[in-house]
Amino acid sequence: MELSKNYIPGTTEEKWTKHWHQKQYFASKPDNRKAFTVVIPPPNVTGVLHMGHTLNETVQDILVRKARMSGFNACWVPGSDHASIATEAKVVQMLKEKGIDKNNLSREEFLTYAFEWKEKYGNIIYSQIEKLGCSVDWNRTSFTMDDHYYKAVMKVFVAMYNKGLIYRGARMINWDPAAKTALSDEEVEYKDLQGTLYYLRYATTDADGNPIQHPVTGEAGIVIATQRPETIMGDTAICVNPDDDRYAHLSGAFAYVPLINRKIPIIFDSYVDKSFGTGALKVTPAHDINDYNLGLKHNLPIIDTLNADGTLSEAAQIYIGEDRFAARKKIVTELDGKGFLIKEEVYQTRLGYSQRSGAVVEPRISTQWFVKMKELADPALKAVVDGDIRIHPGDKFLATYKYWLENVKDWCISRQLWWGQQIPAWYDEKGNCYVAENLEALHEQQPETKTMSLTQDVDVLDTWFSSWLWPIEVFNGITQPGNEEINYYYPTAVLVTGQDIIFFWVARMIMAGLEFKQEKPFSDVYFTGMVRDKQGRKMSKSLGNSPDLLDLIEKYGADAVRFGIMISSPAGNDLLFDEAALEQGRNFNNKLWNALKLLKMWEGRQSASNETNTNTFAINWFENRLNKVSAEVETLLSQFRLSEALKTIYSLIWDDFCSWYLEWIKPGFEQPIETAVYQKTVFFFEQLMQLLHPFMPFITEEIYHLLQEQQDDICVKQFTTPTTANTEILSAGELLKQVISAIRDARNKNQLKPKETIKLFIQTASTNNFIVIESILAKQVNASAIAFTTESISNSIVVAIEKDKFFIETEKELDTTSLKDELLKDLAYQQNFLQSVIKKLSNERFVQNAKPEVVELERKKQADAEARIKTIEDSLQNI
């Protein structure tokens, strides 16, 4: 068959995707093999694959394909997360575009629209995962709002409530005014920014209403500094430190809130920092967690001046209904106009933003449902610290994991939304709470409730409260405990995820696994880095710096995209995404394609000749090189050093196989190739494609089948254990490459054309090293003869490689002036290099403190440099 000029990925990817599905290669059922289970971190049903997902899915596919080809029963479970806040926002927006207000719908009507939206857009991400070549078991696709999953969440909630791990109460929580829902602490992202500190004067009086002035300065009132003047209407006290002499005269006094003139007490507490601001703190218990705790201690009232959407409430008395930030500007203007504003000061601060909506988060007192985390955190911490669960790279993330679990706070799990699992709690007319998996179960457990008028809690559960069950419930481990699949596939083998959800998801899955299965959910956690653009910015839709995955696949092919993102991503470290890496992947595809075309050309020019003396070394060398690299790749993959494994395979194919081996065995112009050599080369190419397949599945499967008729497919072809490599043959091969490169370089410098033959004389103490490579060396440097010598050859080009010298003799008259100039340049360079090494070795501190192997390497550098200098000096004398 005639092969295209370059590799065309589109048709190949479509063909093999269809074939693999028809063969059901990626479908898994329990059998006698050992399971290798991976659950996909469920992407939001709202989304499309961004470059972070692309990296994550590629890493998982590499591990899964490798396991499948290594005898494991690989099971990779796909799925998506209902993403309560993000999806509800999308549905509300969709309804607005149709002229429908969510507030005019019943809950059931809204959920109907939400599920319709999910069915329309929810499968987009699956098609992208398939396009990328991910070998997932599509028969097992899960969704966190599936019926069985919903029931599992209810079951877990009830069990935890009955155990005392879940409680309901009024607490200061994080509030998202855009989504109008509570958030957990982990869903708040803090940013350092420049703010403004406003200095305001509050009037002060004694208990009888008489104005108070400072006894020394005569200054009236008290000055406080605040970043949030729009909250002053919620002030219920001013607090100063009891040891602060500046305010001792205000004991028992009162202050008056500017603009609304409400009377509030001045209280004393050592909590206040005398050195911050003015040393006087306005206390607003409804809008700050520290103020809230201070308010509890001093029995202060709570005045909430904000509505759920971030507008000022009626309790604010002024600017009611205005957005909080718009109100701030107006309030500052009024404070200034009425003489309350003393000054403004630029101030560095930290502000919390909702990870879901991007809105500035408000602290708010609210009655919510919480999970007690301490009891769950201790076993999850022990599992990782003791090494039962291994984190990669551990040196980077273990400390972070430990810190969070050692300082964990209770988890707010209720959300003021409709999309999600509705909390299984009911209230009677007196406000008494009843918890059960469903209403039928409640009536069965407590028959007296059948006659009651009950109302179900309107809130839903935090999305993470469902996804922390993911490794268990995708196998129905909660709803059908002890079933065949959960027993076979759980615990899973490895979790691949982003470092940004180490608390949201990873730690909580470990907690859930240990609590509900009494067993860890996975053995290893591999954290990928963050994908950033060339300017170092995190890729995001809002910045418009994240390319469309399908566009990239269309342009470069899935294999090239996978190659490009993996070659750039050392474990756990952020990577700067550059399309140049994808171009490198496309070039690699074409390199493989050209190697295939070369072999197909040789296929019709085979000879039964047994004259294999020239090629025996080449074959032996590459076989040993292949065995050595196969073992290295096995080790690297076991250590989750995937990028290094790909680089190692890339070098083996591009350099060793294409640039050296194929050149060494290449027959002369229009000459036949020995059948034995051709067949061995086809075998090597197949082995290389198998080694590369987990990284680049489509082109490897295509080439495997184009090389010759196959009885199997490479995606399920089992790896064999590589034999131990012969180090002598490998050393001889490295020597051969080194000598060929050096002599070709010398030929170029002296303008010897490739067609011009040379005679090569080798001066060496180890002639045996060259005998096995002599015939290939002669062919590669176009030497008509190779001879060994003990003396210098006059009127020749001299090449030195360590202690060996090579004399190139040619019929062409040499340009001795240019040759001498080149040698003098090289001599100066080597002398400078030698001096730098000697200087380092003469430093006693270096010799004493450096590792012995480092010192030994420097001594070898010295010896080599001295040998090269001697050779150059001999060459100059020879000229």
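No lab work stands behind these numbers, since they all come straight from the coordinates. All figures in this text were calculated on a predicted structure; none of them were measured in a lab. Positions of Cβ are backbone-derived with ideal geometry, glycine not excepted, and every protein chain shown enters the neighbour counts.
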Virtual spin-label span in nm between Asp273 and Val458, 7 Å along Cα→Cβ: 4.0
Cβ-Cβ FRET estimate between Thr333 and Tyr403, R0 fixed at 45 Å, reported to 0.05: 0.55
Antiparallel %, DSSP beta bridges [both residues in the chain], to 5: 70
Amide H contacts under 5 Å for Met145, placed H, 5+ residues apart: His82
Charge tally in the Cβ shell below 9 Å around Trp175, where Lys, Arg are +1 and Asp, Glu are -1, Trp175 excluded: 0
Residues Trp404, Trp664 arranged by fewest to most Cβ contacts within 10 Å: Trp404, Trp664
Size of charge dipole - the chain - debye, nearest 20, with Cβ of Lys, Arg +1 and Asp, Glu -1, no other charges: 880
Ascending count of other beta-carbon atoms within 10 Å, so fewest first, for Val240, Val45: Val240, Val45
Calculated SAXS-style log₁₀ I(q)/I(0) at q = 0.06, 0.11 Å⁻¹ - the chain, Debye, Cα scatterers: -0.61, -1.29
Positive-end extreme of charge dipole, the chain - chosen from Ala742, Tyr247, Ile665 (charges on Cβ): Ala742
Built amide H within the under 5 Å cut-off of Arg262, gap 5+: Val257
For q = 0.11, 0.14, 0.15, 0.19 Å⁻¹, Debye-computed log10 I/I(0) when each Cα of region 635-754 counts as one equal scatterer: -0.51, -0.80, -0.90, -1.26
√(5λ) per eigenvalue of the Cα gyration tensor, region 749-878, largest first, Å: 33, 19, 11
Summed residue charge, Cβ within 15 Å of Gln639's Cβ, Lys/Arg positive, Asp/Glu negative: 0
Residue (of Val460, Phe370, Leu132) at the positive-pole extreme of the chain, dipole from beta-carbon charges: Leu132
Vicinal HN-Hα couplings computed from phi for region 223-229 (Karplus, 6.51 cos²θ - 1.76 cosθ + 1.60; Hz; Gly/Pro x): 9, 10, 10, 9, 8, 10, x
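Rounded to the nearest 500, what is the 222 nm mean residue ellipticity of the chain from helices alone, with -39500 (n - 2.57) per DSSP H run of 4+ residues and division by all residues? Don't skip to the end; give the middle numbers.
Values: 29 runs with 371 residues, N = 879.
Computed mean residue ellipticity for the chain: -13500 deg cm²/dmol.
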Fewest-first sequence of Asp61, Asp235, Asp147, Asp713 by Cβ atoms within 10 Å of each Cβ: Asp147, Asp713, Asp61, Asp235
Cut-off under 5 Å, modelled amide H: who pairs with Ile173 long-range: Arg364, Ile365, Ser366
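How long is the gain from Glu444 to Val216 if the chain were fully straight, where each residue apart is worth 0.36 nm and the alpha carbon distance is subtracted?
Contour length minus the Cα-Cα distance gives 74.6 nm.
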Check: region 580-685 dipole with +1 on Lys, Arg Cβ and -1 on Asp, Glu Cβ, in debye: 240
Cα coordinate range in region 181-362, projected on the principal axes (Å, largest first): 52, 32, 32
Stokes-Einstein D in µm²/s, Kirkwood radius over Cα pairs - region 19-149 at 20 °C with 1.002 mPa s viscosity: 131
Theoretical gain in end-to-end length, Thr349 to Thr17 [0.36 nm per residue, Cα-Cα removed]: 114.3 nm
Descending Cα extents along the principal axes, region 615-657, whole Å: 37, 17, 6
